[in-house]
Every structure is written in C-alpha cells, then in structure tokens.
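These notes concern the structure reproduced below.
The values are calculated or read from the model by the stated rules, or taken from the named source; none is laboratory data. Bear in mind the structure is a predicted one, so any value in this text is a computation, not a measurement. Reconstructed Cβ throughout: ideal geometry from the backbone, glycine too, with neighbour counts over all protein chains shown. For the accessible areas, the whole protein counts, side chains as well, though only heavy atoms, and no ligand, DNA or RNA atoms are used. Shrake-Rupley method; radii C 1.70, N 1.55, O 1.52, S 1.80 Å.
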Amino acid sequence: MSDLSRRERMKRAPVAMPERAPDVRRTDFEEVNDGYTPEMAVAEAERCLFCARPTCVTGCPVGVDILEFVRLVGAGEFLEAADVIAADNSMPAVCGRVCPQETQCEGACVLAKKGKPIHIGHLERFVADHARNLGSTVPTPAARTGKRVAVVGSGPAGIACAGDLVGAGHEVTVFEALHELGGVLAYGIPEFRLPKAIVAAEIDRLRKRGVEFETNAVIGMVDTVDDLLTVEGFDAVFLGVGAGLPRFLDIPGENLIGVYSASEFLTRVNLMRAYSGESDTPLIDVQGKSVVVFGAGNTAMDAARTAVRLGGAPVRIAYRRSPDEIPARNEEVAHAEAEGVVLTTLVAPTELTGDEDGRLTGVRLQRMRLGESDTDGRRRPEPKPGEFIDVEVDVAIIAIGNMPNPLLLRATPDLDRTERETVVADVDTGLTSKPGVFAGGDIVTGGATVIMAMGAGRRAARAIDEFLRTETARRS
Ligand SMILES: Cc1cc2nc3c(=O)[nH]c(=O)nc-3n(C[C@H](O)[C@H](O)[C@H](O)COP(=O)(O)OP(=O)(O)OC[C@H]3O[C@@H](n4cnc5c(N)ncnc54)[C@H](O)[C@@H]3O)c2cc1C
C-alpha cells in the first residue's frame, strides 16, 4: 500500500473505464469497455480509504474480501488479488462486467456519499482478466468420493455449484437444455457487454477439472428428476434452471408480425451468432426499421442496444415509470443513450396496431404519472386519463421480465413451489421439499442477478457435499 494520506486519497479523481467511442461501437458487437491498464488499476486502488469496518464487503452478496483484494491491487500484487476474489467468487471476470455494483459493493462504499465510490467492479474485472491472460492454473483434483451429482442448467448457479462440487471430489454432470452452455451469460447478455470467450473459458476450466456436460438435454422431457436419481443413479440433483419464460403485456396486437419477446430476440442474435457476422440463419430484420422496446431493465437495455447494432433506427425504450426508477445498471443506461437509444419514460403501451397483412405498424402509449410507493418501495405508475401518444413502429420488443419455465416443474409434481411458480428452497442450503434435490438461482428467486445465482449455487454445493458425506457415514 502506498503511503498516501487519507486526505490525498479522498482528493483523487476516480479512474474512468476506457471505452470505445459510441459512434464506432454502435456499428459492431465488440466489447464496449476496454478494461484498465495495470497503472490505472493501481491508481484506482490507491483511492481506497481501507475502512476499519468495510461496508463494501457487507454490500457484496457473496462477501468477497474487497478490502484485501483492493489492497493487493494497490501493491501491484495482481495474482494474489485474484486468489482473494476466487475464494468467494468463481466468476470474477463475469461479475466485474455485469454486477450491479452501484446497488451492491460500490453503493455501500463510504466514498459513494461524495459520488466517487471506488470502482470495485472495474478492479475485479482487471484482476480476473490479468489472471486469465497469464493462463490461470487448474486446481489439483480432490480425492474422489465416488458420489455422483446431476446439475440441471448451466447458468451461473449451475456453473458455480458444479465447480465447488467437483472441487470437493464428487463426479458432476451438467445437463443443459440448449446446444450452448452458460445460461443467460451465453444466450441473453450480448457479446458487446460480456464476450462469449470469457464464459467459454470458465466452462473449459470446469471441463479440465473433470465436470461432464450434456447439451440438448432437457430434463423433464425424456429424463425426469426422478429418473436422474433412480435410473441414472445420481446421488443428488441441483436445479439451476433459471427463469427463462418471458412475460407478455396482455394487450391487443401482441400476435402481430414484428412483435417479439426480448428473450427470443436476444437468443436469436446470441446463439445464431449474428454478433460475429457469420450467421446463416434468418435473423430478426431490424435494418432501417423503427424499433420500440418495452421495459427498462438490463434485458431491455441489451435488446435496444442490440437493435441499434443491427441497424434499427430510431430505437426507443418506452418505460412506465420515471428515469429514477429505471432498474438497469447505471452504466447500461448511459451506454444505451450514448449509442442513440431514445428513452421515453412515464408511458405504457395499451395497444399494438397492424396493417391488413398482420404486420405491426404502430403502438398507442398511455401517458403515466407516479402515485404511491409500491411494496418494493418504487412509486406506482398510474394512467393519466385520456392522454395517449401514437407512435409508428415496425418492430416491438417486450422486455418486462421472465418467470420460470413450467416444463421441469410439471414433470416434478412433488417439488413445493410458490404462487409465482418458483421453487421453494432453503436460503442457506438450497434444499427443496424433495429429498436429495437442491435448487438455487432464478428458479428460486425469480429473475435476479448473476452474483446472487452464483452465491446460491455455491451454498447449495456446500450443503450437497455435507448431505453426501452424511449419507455415506450413515450407510457405513
Ligand atoms: C438479457 C439479460 C441481461 C441480464 N443482465 C444482467 C446483468 O447485467 N447483471 C446481472 O447481475 N444479471 C443480469 N441478468 C440476470 C442474470 O443473468 C440471471 O439472474 C442469472 O443468469 C440467473 O442464473 P441461473 O443460473 O439461475 O439461470 P440461467 O442463467 O437462466 O441459466 C439456466 C439454464 O438452465 C437451462 N435449463 C432450463 N430448463 C432446463 C431443463 N428443463 N433442463 C436442462 N436445462 C434447463 C437454461 O437453458 C439455462 O441455460 C440478465 C438477464 C437477462 C435475461
């Protein structure tokens, strides 16, 4: 740690993340942020006040020892910093890029009060990329236990769970419904925000550690959870199947040609490699078309920015609350606006209109105002009677949230679930109502965040390990 005084540290300006110019990046799918250089990382780490009671650590859902890793970055000990993060976070290169730091670690930083929190996410990304570029080592495998675990779903919850289970010496097979691994990290979040190579490197590392992957394996279709436990002989099952079923608006015109869910739109672009220019599969054509995206979460920002890159013009986000309530990460909103996305707030769609061929031609938006606070603390949007705007649009993308896909749950009737069709599981262990079956991530919480899914996967891995060891002890 350098010998700067507290006053000097506080006076220093935050080190901005270098990013590609908006007019260049809006024409391709390459990553927007360039990442810190080592000098930038050290300079940013040197701003840390090293609080006696680090609130940033409390703000991190998986409790990464942020104070220590930032101290090591400041001292130029980047690989040691990577080890500190790895103790609690198995995907720092992903989390450094996509975590909502402003509501977590950075939001809790004492410097946030002055609007200058330490850029913990940028530092985490730097450290993770640095370690990966040097070719991080694969841990020595633990002694084999002879126990077999099936992990259903290869999103952050499944990946984190599989990593810790194989580390504990269990045999792990991941079953993934799609042909590509990584869950939302692969098919949802676009290349310009999270390069596919980073997710692929994480999967590759798991493969080298002995995890087996079966793609195109939809559990609940041919094999059920019961089959995994009985016919296939797995000793435990972890369900990390996410919440991938899109919600719709339930307004007239949703079946018109040109109306898509954000899931379909982003999945087509991501899994059919539109971002690489190599796709030979028909894509959603937005070139030169007027696009509207409903919603203002990360998914909506991703869909709008993807539409910009595919040539949509203009691309508008229509959101029913005010800018203060926008749930997307601050950075994504700023990037979207810089790339030309138009934010229209306090409006809600009431009707989609089309021509005689059934093609979308327009949307009627009702003007809204904010009323009393909702149960989640955000002010509830209320219609302004008789105030509408009619907008001509060719493509509409619905990004108002997702819920769990019922397929696996229908095939597992003895699994307790909530009214929202999420699985009931213990917060600390992921244990469900079905013996030997654990769950975590969006399937339990509903749509949440990568780090929360990952944390749940890791907690479940610990509980599964204990369950398997207790079972063995009981039988011997
Ligand atoms: C477009 C988009 C952008 C987002 N941006 C951010 C962000 O910036 N920051 C952030 O923190 N969070 C973000 N999120 C939320 C975050 O990605 C999720 O909370 C997280 O991925 C949940 O992880 P999971 O492992 O529970 O599920 P998922 O990532 O959804 O993975 C579940 C996997 O299970 C598979 N599966 C489903 N059913 C079956 C079955 N029956 N058999 C086998 N496999 C099955 C699915 O194909 C999928 O691969 C975003 C979400 C979306 C959709």
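Between V127, V73, V152, which is touching a Leu at 6+ places or on another chain (Cβ under 7 Å), assigned by TED's automatic domain parsing to the domain that holds M40 and not hydroxyl-bearing (S, T, Y)?
Details: V127 fails: touching a Leu at 6+ places or on another chain (Cβ under 7 Å); V152 fails: assigned by TED's automatic domain parsing to the domain that holds M40.
Just one listed residue meets the conditions, V73.
Could you tell me whether F234 is within 12 Å of the ligand (Cβ to nearest atom), crowded, with 19+ Cβ neighbours inside 10 Å, in contact (Cβ under 8 Å) with a residue 40 or more places away in the chain and among the aromatic types (F, W, Y)? Give the steps one after another, and end with the answer.
On the way: within 12 Å of the ligand (Cβ to nearest atom): no; crowded, with 19+ Cβ neighbours inside 10 Å: yes; in contact (Cβ under 8 Å) with a residue 40 or more places away in the chain: yes; among the aromatic types (F, W, Y): yes.
No, not satisfied.
Quick one: D129 ticks every box in (1) of a type outside the set (G, A, S); (2) in a helix (DSSP H, G or I); (3) surrounded by 24 or more Cβ atoms within 10 Å (Cβ to Cβ); (4) away from the ligand (no atom under 16 Å from the Cβ) except a single one, so which number is it?
Of the numbered conditions (1) of a type outside the set (G, A, S); (2) in a helix (DSSP H, G or I); (3) surrounded by 24 or more Cβ atoms within 10 Å (Cβ to Cβ); (4) away from the ligand (no atom under 16 Å from the Cβ), the odd one out for D129 is (3).
Among the residues of segment 58-84, how many are open to solvent by less than 50 Å² (accessible area, probe 1.4 Å) and closer than 21 Å to A453 by Cβ?
Step one: list which residues in segment 58-84 are open to solvent by less than 50 Å² (accessible area, probe 1.4 Å), which gives 59-60, 62-64, 66-67, 69-70, 72-76, 78, 81-82, 84.
Those left that are additionally closer than 21 Å to A453 by Cβ: 59-60, 62-64, 66.
Selection size over segment 58-84: 6.
Sort through T37, T55 and tell me the only one that's hydroxyl-bearing (S, T, Y), more than 18 Å from R132 (Cα to Cα) and either in contact with a helix residue (DSSP H, G or I) (Cβ under 9 Å, 6 or more places away or on another chain) or open to solvent by 40 Å² or more (accessible area, probe 1.4 Å) (or both).
Details: T37 fails: more than 18 Å from R132 (Cα to Cα).
Testing whether each residue is hydroxyl-bearing (S, T, Y), more than 18 Å from R132 (Cα to Cα) and either in contact with a helix residue (DSSP H, G or I) (Cβ under 9 Å, 6 or more places away or on another chain) or open to solvent by 40 Å² or more (accessible area, probe 1.4 Å) (or both) leaves just T55.
Taking L228, is it under 30 Å from T412 (Cβ atoms), modelled with pLDDT of 95 or more and either more than 9 Å from the ligand (Cβ to nearest atom) or surrounded by fewer than 17 Cβ atoms within 10 Å (Cβ to Cβ) (or both)?
Details: under 30 Å from T412 (Cβ atoms): yes; modelled with pLDDT of 95 or more: yes; either more than 9 Å from the ligand (Cβ to nearest atom) or surrounded by fewer than 17 Cβ atoms within 10 Å (Cβ to Cβ) (or both): yes.
Spelling it out, L228 is indeed under 30 Å from T412 (Cβ atoms), modelled with pLDDT of 95 or more and either more than 9 Å from the ligand (Cβ to nearest atom) or surrounded by fewer than 17 Cβ atoms within 10 Å (Cβ to Cβ) (or both).
Test M452 against the stated conditions and say whether it is more than 23 Å from L229 (Cα to Cα), of a type in the set (A, V, I, L, M) and open to solvent by 80 Å² or more (accessible area, probe 1.4 Å).
On the way: more than 23 Å from L229 (Cα to Cα): yes; of a type in the set (A, V, I, L, M): yes; open to solvent by 80 Å² or more (accessible area, probe 1.4 Å): yes.
Criteria met by M452.
Which residues, counting only those in segment 195-214, are open to solvent by 60 Å² or more (accessible area, probe 1.4 Å) and either in contact with a Phe, Trp or Tyr (Cβ under 8 Å, 6 or more places away or on another chain) or near the ligand (Cβ under 9 Å from one of its atoms) (or both)?
Scanning segment 195-214 gives R207, E214.
Every residue, every condition in (1) over 21 Å from the mean Cα position of the chain (by Cα); (2) part of a loop (DSSP other than H, G, I, E, B); (3) under 17 Å from R125 (Cα atoms), yes or no:
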position	(1), (2), (3)
A16	yes, yes, yes
D28	yes, yes, no
T58	no, no, no
R71	yes, no, yes
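I'd like to know if segment 119-136 contains one or more residues that are out of contact with any helix residue (DSSP H, G or I) (no Cβ under 9 Å at 6 or more places or on another chain) and closer than 21 Å to R209 by Cβ. Walk me through how you get there before you give the answer.
Kept after step one, since they are out of contact with any helix residue (DSSP H, G or I) (no Cβ under 9 Å at 6 or more places or on another chain), are these residues of segment 119-136: 133, 135.
Filter again for closer than 21 Å to R209 by Cβ, leaving 133, 135.
Yes.
Can you pull out the residues in segment 237-250 that are near the ligand (Cβ under 10 Å from one of its atoms) and among the aliphatic types (A, V, I, L, M)?
Correct list: L239, V241, A243, L245.
Search segment 142-182 for residues being more than 7 Å from the ligand (Cβ to nearest atom) and among the β-branched types (V, I, T), and hand back the single one that is surrounded by the most Cβ atoms within 10 Å (Cβ to Cβ).
The extreme case among them is V151.
What tally of residues in segment 431-476 results from selecting those that are in a loop (DSSP other than H, G, I, E, B) and in contact (Cβ under 8 Å) with a residue 60 or more places away in the chain? Reasoning before the result, please.
Of segment 431-476, the ones in a loop (DSSP other than H, G, I, E, B) are 432-436, 440-441, 446-449, 476.
Checking which are in contact (Cβ under 8 Å) with a residue 60 or more places away in the chain leaves us with 432, 434, 436, 440-441, 446-447, 449.
Residues in segment 431-476 being in a loop (DSSP other than H, G, I, E, B) and in contact (Cβ under 8 Å) with a residue 60 or more places away in the chain: 8 in total.
Restricting to segment 455-476, name every residue that is open to solvent by less than 60 Å² (accessible area, probe 1.4 Å) and within 16 Å of the ligand (Cβ to nearest atom).
Selection gives G455, A456, G457, R458, A460, A461, I464.
Which number in (1) of a type in the set (F, W, Y); (2) within 13 Å of the ligand (Cβ to nearest atom); (3) part of a helix (DSSP H, G or I) marks the one condition that F192 misses?
The failed condition is (3).
Yes or no: segment 398-420 includes at least one residue that is among the small types (G, A, S), on the phi > 0 side of the Ramachandran plot and surrounded by 13 or more Cβ atoms within 10 Å (Cβ to Cβ).
First, pick out the residues of segment 398-420 that are among the small types (G, A, S): 399, 401, 411.
Then drop every residue that is not on the phi > 0 side of the Ramachandran plot, which leaves 401.
Add one more test, that the residue is surrounded by 13 or more Cβ atoms within 10 Å (Cβ to Cβ), and what stays is 401.
The answer is yes; a qualifying residue exists.
Test each condition in (1) touching a Pro at 6+ places or on another chain (Cβ under 9 Å); (2) open to solvent by 20 Å² or more (accessible area, probe 1.4 Å); (3) within 16 Å of the ligand (Cβ to nearest atom) for G447 and report the one that comes out false.
(1) is the only condition that G447 fails.
Being part of a strand (DSSP E or B), over 26 Å from the mean Cα position of the chain (by Cα), at pLDDT 95 or above and not assigned by TED's automatic domain parsing to the domain that holds E102, is that true of even one residue in segment 331-347?
Filtering segment 331-347 for residues part of a strand (DSSP E or B) gives 342-345, 347.
Next, from what is left, pick out any that are over 26 Å from the mean Cα position of the chain (by Cα): 347.
With the extra rule that they be at pLDDT 95 or above, the set shrinks to 347.
If we keep only those that are not assigned by TED's automatic domain parsing to the domain that holds E102 too, we end up with 347.
For segment 331-347, residues part of a strand (DSSP E or B), over 26 Å from the mean Cα position of the chain (by Cα), at pLDDT 95 or above and not assigned by TED's automatic domain parsing to the domain that holds E102: present.
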